[in-house]
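*Asks:* Okay, here's the structure, questions in a sec.
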Amino acid sequence: MNDCLFCKIIKGEIPSDKVYEDELVYVFKDINPTAPVHLLVIPKQHISKLDEVTAENSGVIAHIYEVIARLAKELDLKDGFRVVTNCGESAGQSVFHIHFHLLAGRPLLWPAG
Ligand code: 5GP
Ligand code: ZN
């Protein structure tokens, strides 16, 4: 049994505001946006967190960055954007299905803190 929230979103068991989907990835709006553009990019394959990426499953991660580059053009994010992956609870990860936050539409301070 898979109790993963994002696996349920991919399967349509929990509604989401979908922005893009292909055979490998699913992109949807964050329910609690922290910027005017706040998307979550996730692999359809369940990988819990970034330190579980291996030579065997990293192809989908490369694909995710291709999708992000394409979305940035389509959404006209020419003022810049940020991609964030929190790994582990102390880094702020609250959903244990790897995800890439795509943030844009406001000044993004750095270091993020
Ligand atoms: P994390 O804190 O793990 O880096 O990011 C998890 C993100 O998932 C948060 O920004 C949170 O707002 C978002 N989130 C949590 N539950 C849901 C949900 O049911 N639907 C959507 N669209 N986003 C969610
Ligand atoms: Zn999952």
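The values are calculated or read from the model by the stated rules, or taken from the named source; none is laboratory data. Every value quoted in this text rests on a predicted model; they were computed, and no experiment measured them. Glycine also receives a Cβ, built like all others from the backbone with ideal geometry; neighbour counts cover every protein chain displayed. Just so you know, the surface numbers come from the protein's heavy atoms only, side chains and all, with ligands and any DNA or RNA stripped out. Shrake-Rupley method; radii C 1.70, N 1.55, O 1.52, S 1.80 Å.
*Asks:* Out of all the residues in the range 87-107, which are open to solvent by less than 40 Å² (accessible area, probe 1.4 Å) and near ligand 1 (Cβ under 8 Å from one of its atoms)?
*Replies:* Of everything in the range 87-107, those that are open to solvent by less than 40 Å² (accessible area, probe 1.4 Å) and near ligand 1 (Cβ under 8 Å from one of its atoms) turn out to be Q93, V95, H99, H101.
*Asks:* Restricting to the range 84-107, give me the number of residues that are under 20 Å from L50 (Cβ atoms) and touching a residue at least 40 places away in the same chain (Cβ under 8 Å).
*Replies:* So the count comes out to 10.
*Asks:* For the range 51-58, does any single residue satisfy the condition of being within 12 Å of ligand 1 (Cβ to nearest atom) and open to solvent by 60 Å² or more (accessible area, probe 1.4 Å)?
*Replies:* Scanning the range 51-58 turns up no residue that is within 12 Å of ligand 1 (Cβ to nearest atom) and open to solvent by 60 Å² or more (accessible area, probe 1.4 Å).
*Asks:* Sticking with this structure for a sec: Going by the structure shown, is I98 under 21 Å from C7 (Cα atoms), in contact with a strand residue (DSSP E or B) (Cβ under 7 Å, 6 or more places away or on another chain) and in a loop (DSSP other than H, G, I, E, B)?
*Replies:* The answer is yes for I98.
*Asks:* Something else: Taking the range 1-47 on its own, how many of its residues are open to solvent by 50 Å² or more (accessible area, probe 1.4 Å), of a type outside the set (K, R) and over 21 Å from R82 (Cα atoms)?
*Replies:* So the count comes out to 12.
*Asks:* To continue, here is another question. For a quick check of your reading of the model, give me the residue pairs whose first member lies in the range 61-76 and is outside any helix (DSSP H, G or I), whose second is buried (at least 17 other Cβ atoms within 10 Å of the Cβ), with beta-carbon atoms closer than 7 Å and at least 6 apart or on different chains.
*Replies:* Short answer, once both residue conditions are applied: L75/V37.
*Asks:* Within the bounds of the range 59-70, is there any residue that is modelled with pLDDT of 95 or more, away from ligand 2 (no atom under 16 Å from the Cβ), under 15 Å from the mean Cα position of the chain (by Cα) and surrounded by 17 or more Cβ atoms within 10 Å (Cβ to Cβ)?
*Replies:* Scanning the range 59-70 turns up at least one residue that is modelled with pLDDT of 95 or more, away from ligand 2 (no atom under 16 Å from the Cβ), under 15 Å from the mean Cα position of the chain (by Cα) and surrounded by 17 or more Cβ atoms within 10 Å (Cβ to Cβ).
*Asks:* Here is a follow-up. All but one of (1) under 13 Å from H97 (Cβ atoms); (2) within 13 Å of ligand 1 (Cβ to nearest atom) hold for E13; state the number of the condition that does not hold.
*Replies:* (1)
*Asks:* Being within 14 Å of ligand 1 (Cβ to nearest atom), of a type outside the set (K, R) and more than 23 Å from A112 (Cβ to Cβ) is true for just one of D3, D76, D22. Which residue is that?
*Replies:* D3
*Asks:* Any residue in the range 1-28 that is more than 27 Å from K73 (Cα to Cα) and within 12 Å of ligand 2 (Cβ to nearest atom) sitting within a Cβ distance under 9 Å of a residue that is open to solvent by 70 Å² or more (accessible area, probe 1.4 Å) and of a type in the set (A, V, I, L, M)? List the pairs, counting only those 6 or more apart or interchain.
*Replies:* Short answer, once both residue conditions are applied: I14/L5.
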